[in-house]
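Read through the structure below, which is laid out as structure tokens, and then see the notes.
The values are calculated or read from the model by the stated rules, or taken from the named source; none is laboratory data. Just so it is clear, the model here is predicted, and its values are computed rather than measured. All Cβ positions, even for glycine, are placed from backbone atoms using ideal geometry, and neighbour counts span all protein chains on display.
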Amino acid sequence: MIVQLALAAALAGSPTTLPREVTIAAVRGEARIPVRTDDAGSPVMPAAPLIAALDGRLRLDGGWAEVVVADQPFRFLVGAPLYLFSSQLLPLAGPASVQGDSLFLPYQFVAEILPYYLAERYRWDPRRARLEELRGRTTTLAGRAASNPARLPSGLRPGHVVTVDPGHGGVDPGNPGVFFPRGTHEKDVTLQIGLLLRDELERRGIAVRMTRTTDTLIALGDRGGYCTEACDLFVSLHVNSLARRRGYTDVRGFETFFLAEARTEDAARVAKMENDAVRFETGPSPADAAGGLDFIVKDLQLNEHLRESARLAELVQRGLDGAHTSENRGVKQAGFMVLTTARRPAVLVEMGYSTNPQDGRLLTTPTSQKALAASIADAVVEYLREYERKTGTAADSGIRR
Ligand SMILES: [Zn+2]
């Protein structure tokens, strides 16, 4: 999960031992702020006294903590090692976090980020663990981030955001998992692999939004809403199954769908099965309100993403082929309600059949779960690289409107 940014690595003077406190030497006075480690061992500092000493402002907004210092907004994604500055989403050694009632910011903010971006205002003395405010001119270097075309180790520019949607959840178990270990349903496997996919994407420098991280039900019509403005693409994870009939346990394999009207009888069956989750929901969903699939499939804004979705599906399917031992069932089109509300390229992956013993084992074995997640993450990176090449300007693609 830790991604070292090239520009951060280039910074001089990171101390090898961690100070117990940091001195903020501002023009109007000095303050000492303690440094501690969070649950994962990353050094953090309490935000409230730190921001007060810097004469800054702090605001919590959804999952983001916005810190304004010298009129420059730094936005930290709470719980994830990422921050947004000057329209770029950049990795951190450790996340901003909430412990008890208090927000904690990464130590890196004081030791590296502020003295880098606000170099004409602050100087960091690593030996004395002291951030010194310089008198005189306070011109900022906000443009520095934009002018620095830093690349992540994955080869991507920073700033991409992907929504991962583990199918089903809560009272909707998905399919019962005939060849899963006792008590394990589709909803459990999609969540396990979804969380692994999140880790793999973050490791590649991509920010991730999850539609769920626990065993809860998110309405189908609401899931796509997680991928609108600040989102590059949407991946929904599922497990296929067949109704009991002669030879049904022989059918196996993985397939990737993008949204369109179903082309084949089997695609229509899979779409119907996944759309059935609606029966667990209470109250109207946006998809219902919009008048059903026919209306949405013809929606122009959606068609814009159709070709992109097809390409993403192709890359995901090809990627899975390298990690999966089962049959490659190919890329398919079908009308999934979960994909209708996403306003970005969107795919739904049926990762295998729980009604087949080999697939059932593969989908519930930790090593192969991780391999599947890594192969999907690699496909996403490949898709985003293609997208960057095509557009030529992807420094802030994750927040394009
Ligand atoms: Zn499903």
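Within region 51-95, track down each residue that is more than 25 Å from the chain's Cα centre (by Cα) and over 17 Å from residue 116 (Cβ atoms).
If the condition is that a residue be more than 25 Å from the chain's Cα centre (by Cα) and over 17 Å from residue 116 (Cβ atoms), then 51, 52, 53, 55, 57 are the ones that fit.
Kindly establish whether residue 174 is in the same structural domain as residue 343 (by TED's automatic domain parsing), away from the ligand (no atom under 13 Å from the Cβ), crowded, with 22+ Cβ neighbours inside 10 Å and more than 18 Å from residue 372 (Cα to Cα).
Against the criterion (in the same structural domain as residue 343 (by TED's automatic domain parsing), away from the ligand (no atom under 13 Å from the Cβ), crowded, with 22+ Cβ neighbours inside 10 Å and more than 18 Å from residue 372 (Cα to Cα)), residue 174 does not qualify.
Give me a count of the residues in region 39-63 that are under 30 Å from residue 201 (Cα atoms) and either surrounded by 16 or more Cβ atoms within 10 Å (Cβ to Cβ) or at pLDDT 90 or above (or both).
The total comes to 7.
Here are some conditions: (1) at pLDDT 95 or above; (2) away from the ligand (no atom under 13 Å from the Cβ); (3) surrounded by 18 or more Cβ atoms within 10 Å (Cβ to Cβ). Residue 191 meets all but one. Which one does it not meet?
Only one criterion is unmet by residue 191, namely (2).
Output the residues belonging to region 337-381 that are under 20 Å from residue 184 (Cα atoms), among the aliphatic types (A, V, I, L, M) and within 16 Å of the ligand (Cβ to nearest atom).
The answer is 349, 351, 363, 372.
Answer yes or no: is there a residue in region 277-286 that is in a helix (DSSP H, G or I), surrounded by fewer than 19 Cβ atoms within 10 Å (Cβ to Cβ) and at pLDDT 95 or above.
There is no residue in region 277-286 that is in a helix (DSSP H, G or I), surrounded by fewer than 19 Cβ atoms within 10 Å (Cβ to Cβ) and at pLDDT 95 or above.
More than 16 Å from the ligand (Cβ to nearest atom), aliphatic (A, V, I, L, M) and at pLDDT 55 or above: which single residue out of 289, 313 fits that description?
313
Of the residues that sit in region 153-171 and are within 14 Å of the ligand (Cβ to nearest atom) and on the phi > 0 side of the Ramachandran plot, which one is surrounded by the fewest Cβ atoms within 10 Å (Cβ to Cβ)?
Out of the qualifying residues, it is 170.
Provide a single number: the residues in region 107-136 that are in a strand (DSSP E or B) and closer than 24 Å to residue 37 by Cβ.
Number of matching residues: 5.
Do we find that residue 264 is more than 22 Å from residue 355 (Cβ to Cβ) and out of contact with any Cys (no Cβ under 8 Å at 6 or more places or on another chain) in this structure?
When the stated conditions are applied, residue 264 does not pass them.
Looking only at residues in region 83-106 that are without any contact (Cβ under 8 Å) to a residue 60 or more places away in the chain and assigned to a loop (DSSP other than H, G, I, E, B), which one is surrounded by the most Cβ atoms within 10 Å (Cβ to Cβ)?
Within region 83-106, the match that is surrounded by the most Cβ atoms within 10 Å (Cβ to Cβ) is 96.
If only one of 55, 39 is part of a loop (DSSP other than H, G, I, E, B) and at positive phi, which one is it?
55
Given 274, 281, 229, which one is of a type outside the set (Phe, Trp, Tyr), farther than 20 Å from residue 307 by Cα and more than 14 Å from the ligand (Cβ to nearest atom)?
Just one listed residue meets the conditions, 281.
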